Amino acid sequence: MAKKSFIQGAVILGIAGIIIKVLGAFFRIPLANLIGSEGMGYYQTAYPIYVLFLTLATAGIPIAISRMVSERIAVDDYFEAHKVFRVSFILLFSIGIVSAAICFFGAGQLVGAMGNPGAKFAMMAIAPALLFVPMQAAYRGYFQGMQDMKPTAVSQVTEQFFRVVAGLFLAYFLIRYGRQYAAAGASFGATAGAIGGVLTVIAIYLYKRGSLEHNIQRTKRNGGEKSSSILAKIFVIAIPVTIGAAIMPIMNAIDVGIVMRRLQETGWTYEAANSMYGQLTGMAGPLINFPQVLTQAVAMSLVPAVAAAYKQKDMHFLRENVQIGLRMAIIIGLPCAFGLMALSEPIMLLLYPMQRESAMNAAPCLFIMAFGVIFLSTVQTLTGVLQGVGKQMIPVRNLLIGAVAKVIITYTLTGVESINIRGAAIGTVVAYMIAATLNVIAVKKYTGAKFNFTLTYVKPVIATLFMAAAAVFVHRVLFGITGNALATLIAVGTAGAVYCVMLFVTRSIEREEIVRLPKGKTLLKIADKFKK
């Protein structure tokens, strides 16, 4: 039953994740066209600071809530499970108040330290979200502990919907007053979304209150675990997860200061440096983040399988899952990376037609960062493996090593005038490359897994090269006939079809894996035709 619940929950969260990313694209792309790279520079200065505070406030606590609630419900103790929820809600609400106050009243100092004082209003506008998002996290963790993923999925989609609508409307309304105010309007979208999300999850909680209250009263008793003990357990679980989740936001926040200062030191004006940073993070960045939805789904599905096999000491099954998980990550990451590289400029021009010059300037950054998708996919998947075998601090250490390397490389290369903003993109790729390599070494050490080089890398690479060649060929043939937009869309569709066919031709996916896919038997019949 638990296994069935997990699979259903993973599917629900996966679908929600895709919807959220699509909505995010509908937000960022029109926003960049509306407020330009200057406005995106203000927005992208405030947003990483917000994400950093949000990560520190909530990252590990929902996981701790979920685990502790689940443990208590497993022994039919709904009363103590609800007590965990109450204690954690008070904790998160308190953290939210402090975080929101710091970011609102200290907005000028925070963005000033990042070298971009023009982002003050954007920081103030996004600060209140730090009060409402932690409140959501408490409810989500509670429901997840009961293996009910629907409230989390629904509230996440609702939050993103309100964020997109409010953010774009306010940016459009405020652009007449200047790009700083338009960026602030876009930032307030996060606050509006957080309010919408928390109201949604509270409504779901009230709807389910009757059945919840019945079980709580049925298992109610005097005494029980002290609140201080619950708090201590929450922190023991949450702190390592929070440290790991905070590394990338910290790295991105540091990036702002390094990039802005180093670019200006090499002769670029403040306005030019701000625009270049907006091109990197506001235009190219969202495209790199989109494939993570799929690789996160792989990691999410892999963790319980690895954890169960490890606990049962079934090392053969564990290694089999590790091998399949990494191959799936590579099969997903490679086409995303090479597709974005092959069509970097056409894709940027397709998405940002009103910012043609900025789009063309951002294309080289997209080309470089796209290569990092391969390593990011590996990092995410193998982090799930290491968490499953109880080595959750190892991927944290590995990512930290990569982050230190990124700071050094970004500082060095952005100071080279001919490289400029591309140095930050190179630093990001190197960071993930280092973390991925160290994760592979750690997984081999702690699981004994051995990876078939030909099956894991060579065959998917062959399929990917055919795909990339098809994408470039189709775009070049159609560009002069249909223009860039239609040529790019057809090229992407053709590339996807070619890649799927080549996976079968190269036998990159084995028979038993095909059967496990949706419509697996039908796909297997198709695959068999290519073998004849």
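Which one of C103, I15, L168 has its Cα pushed farthest toward the positive end of the charge dipole of the chain, where Lys and Arg give +1 and Asp and Glu give -1 at the Cβ?
Value computed over the given set: I15.
How much mean residue ellipticity at 222 nm does the chain get from its helices, if each DSSP H run of length 4 or more adds -39500 (n - 2.57) and you divide by all residues, to the nearest 500 deg cm²/dmol?
Rounded to the nearest 500, it is -29500 deg cm²/dmol.
Assuming 0.36 nm per residue, please report the length gained on full extension of the stretch V458 to I408 beyond their Cα-Cα distance.
Working: separation 50, 0.36 × 50 = 18.00 nm, distance 3.21 nm.
Taking 0.36 nm per residue and subtracting the Cα distance, the gain is 14.8 nm.
Whole percent per 5 Å bin, from 0 to the bin with the longest distance: what is P(r) over all C-alpha pairs of region 55-189?
Binned Cα distances yield the sequence 2, 11, 15, 17, 16, 13, 10, 7, 5, 2, 1, 0.
Which value in nm describes the separation of the simple spin-label points at V416 and Y172, placed 7 Å from the Cα toward the beta carbon?
In this crude label model, V416 to Y172 measures out at 4.4 nm.
Report the net charge of residues surrounding G14, where surrounding means a beta-carbon distance below 14 angstrom and charges are Lys +1, Arg +1, Asp -1, Glu -1.
+2
Separation between the Y270 and R209 pseudo-spin-labels, each 7 Å from Cα along Cα→Cβ, expressed in nm?
Distance between label points: 5.2 nm.
Which FRET efficiency value, to the nearest 0.05, do you get for A497 and T437 by plugging their Cβ-Cβ distance into 1/(1 + (r/R0)^6) with R0 = 25 Å?
My answer for the efficiency is 0.15.
Starting from the Cα-Cα distance between Y446 and L465, subtract it from 0.36 nm times their residue separation and give me the gain in nm to one decimal. Don't skip to the end; give the middle numbers.
Details: separation 19, 0.36 × 19 = 6.84 nm, distance 3.31 nm.
That pair, Y446 and L465, stretches by 3.5 nm at full extension.
From the P(r) of region 1-245, can you give the percent of Cα pairs sitting at distances over 28 Å?
36 percent
Can you check what the net charge comes to around I204, using other residues whose Cβ is under 12 Å from the Cβ of I204 (Lys, Arg +1; Asp, Glu -1)? Don't skip to the answer; put the middle values down first.
Working: positive: R140, K150, K208, R209; negative: D148.
Local net charge: +3.
Would any residue of region 112-150 have its amide N under 13 Å from a label point 7 Å out along Cα→Cβ of I239? List them or say none.
none
When N is the residue count of region 390-475, what does its C-alpha Rg come to as a fraction of 2.2 N^0.38 Å?
This ratio for region 390-475 stands at 1.45.
None of the figures in this text is laboratory data; all of them are computed from the coordinates on show. Computed from a predicted model, the values in this text were never measured in an experiment. Cβ atoms come from the backbone with ideal geometry, glycine included; neighbour counts cover every protein chain shown.
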